[in-house]
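Notes to accompany the following structure.
The values are calculated or read from the model by the stated rules, or taken from the named source; none is laboratory data. Every value quoted in this text rests on a predicted model; they were computed, and no experiment measured them. Methodologically, a virtual Cβ is constructed for each residue, glycine included, from the backbone with ideal geometry; neighbour enumeration extends over all protein chains shown.
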Amino acid sequence: MKKTKLDKKVLIVIGIAITIILIPLLINIGLIFTDFINKKTGFTLTANGLDNQNWFDFWKQYLTVIITFIGVCLVYISAKKDRDKEIRENNAQQYLEDVRKEENALVEIIQQFNPSAIYDSFLQHGMMSDYEGRKVLTDIRANIDHAHVKFEILTDLCDDFERCKKCSYNQCTDSKLMEDLRNKYYVMEKQYWKMLDIAEKCLISFENENARIVELARQEELYKNINELINLYKSKGIEDISELVEELKSIKERIIELEKSKLQDEEIASQNKSIVNEIDIFNEKIRPEFIRYTKIYIDMKKEHTRELRIYGEIKHKKLQEQD
């Protein structure tokens, strides 16, 4: 494990203390040398009258100062360690709160991409009016637009990573995972819009079929009334009924045309199959993959919280160093 900056400061203080303790010893050795010179030559290199009592007095004062100095240093180091730990803890806690907010935002976004809402509206088209059906799809589209805005504003996943270009860790595992998760979101969003478009086309075809049924009933009622009117005219001896006969003929042709344009069971089955297939792709592959990447992303950020608490910084890794 690499030494922290605090470890290095402790080593420096210990080194200074050892040096200060060694200085008097070196002086003492020097005095032995000067005494030897004095005995041989009578020449002294130190102050006259310096005896053992003076030396012991010096040591007493010197050691008092050294012990005080070391005590102050130890108190400073301990206080500095406590302050640094508190700063790391505060930074880690703030980072964790931001991670939790981002996690909640991603959970809410995932909940908006609910394919059952589309499928339910598709199955219940016969139990709701055309207006209600369109309103359901409109509300779903509004929710997806809201989720898109939330994704871009409340998460860190829409970063352009410009700052990473000058980073020595570029490309790191963080940015790679964020890019992958962002791409997974846009794939999920695109697939959801595709399902909405299919559902809307189906709804339009159902609306047209409902309109056909209403129009067919109206034409049949009109045909019946005109036919009764013709029979009434004939019973009264009125012969000028050519216009009514032509109108009846025209209505009959319209009825035949409406009957031919009926939405066939095969078409309904095809539409059902189309929307079901797209929903299956979404449920079985696209949405689970986005959820899986989201969990990995949140776990990565929670690991960064632990790093901030221990080291005071996030330990980024280059992509090739991941293993």
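For the subset of segment 258-285 comprising residues that are closer than 16 Å to K201 by Cα and among the hydroxyl-bearing types (S, T, Y), which member is modelled with the lowest pLDDT?
Filtering first and then ranking leaves S270.
May I ask you to list the residues in segment 201-225 that are under 15 Å from L248 (Cα atoms), of a type in the set (S, T, N, Q) and surrounded by 13 or more Cβ atoms within 10 Å (Cβ to Cβ)?
Q219 - this is the single residue of segment 201-225 that is under 15 Å from L248 (Cα atoms), of a type in the set (S, T, N, Q) and surrounded by 13 or more Cβ atoms within 10 Å (Cβ to Cβ).
Of all residues in segment 226-242 being in a helix (DSSP H, G or I) and among the hydrophobic types (A, V, I, L, M, F, W, C), which is surrounded by the fewest Cβ atoms within 10 Å (Cβ to Cβ)?
Going through segment 226-242, the residues in a helix (DSSP H, G or I) turn out to be 226-235, 242.
Within this subset, residues satisfying the condition of being among the hydrophobic types (A, V, I, L, M, F, W, C) are 226, 229-230, 232.
Values: I226: 18, L229: 14, I230: 16, L232: 11.
Filtering first and then ranking leaves L232.
For segment 128-147, indicate whether the set of residues that are at pLDDT 80 or above and farther than 20 Å from I198 by Cα is non-empty. Can you show your working first?
Step one: filter segment 128-147 for residues at pLDDT 80 or above, giving 135-147.
This time we only want the ones that are farther than 20 Å from I198 by Cα, so: 146-147.
Yes: one or more hits.
Tell me the residue from I298, I251 that is surrounded by 14 or more Cβ atoms within 10 Å (Cβ to Cβ), closer than 30 Å to H316 by Cα and of a type in the set (V, I, T), please. Spell out how you get there, then give the answer.
Values: I251 fails: closer than 30 Å to H316 by Cα.
The unique qualifying residue is I298.
Given the conditions (1) within 28 Å of P115 (Cβ to Cβ); (2) charged (D, E, K, R); (3) surrounded by 12 or more Cβ atoms within 10 Å (Cβ to Cβ), which single one is not true for E266?
(3)
Is there a residue being over 30 Å from K184 (Cα atoms) and either touching a Ser or Thr at 6+ places or on another chain (Cβ under 7 Å) or hydroxyl-bearing (S, T, Y) (or both) anywhere in segment 294-305? Step through it out loud before you land on a result.
Going residue by residue through segment 294-305, those that are over 30 Å from K184 (Cα atoms) are none.
Looking for residues that are over 30 Å from K184 (Cα atoms) and either touching a Ser or Thr at 6+ places or on another chain (Cβ under 7 Å) or hydroxyl-bearing (S, T, Y) (or both), one finds none in segment 294-305, hence no.
Return only the number of the condition from (1) within 26 Å of Y95 (Cα to Cα); (2) modelled with pLDDT under 90; (3) polar (S, T, N, Q) that N183 does not satisfy.
Status for N183: all satisfied but (2).
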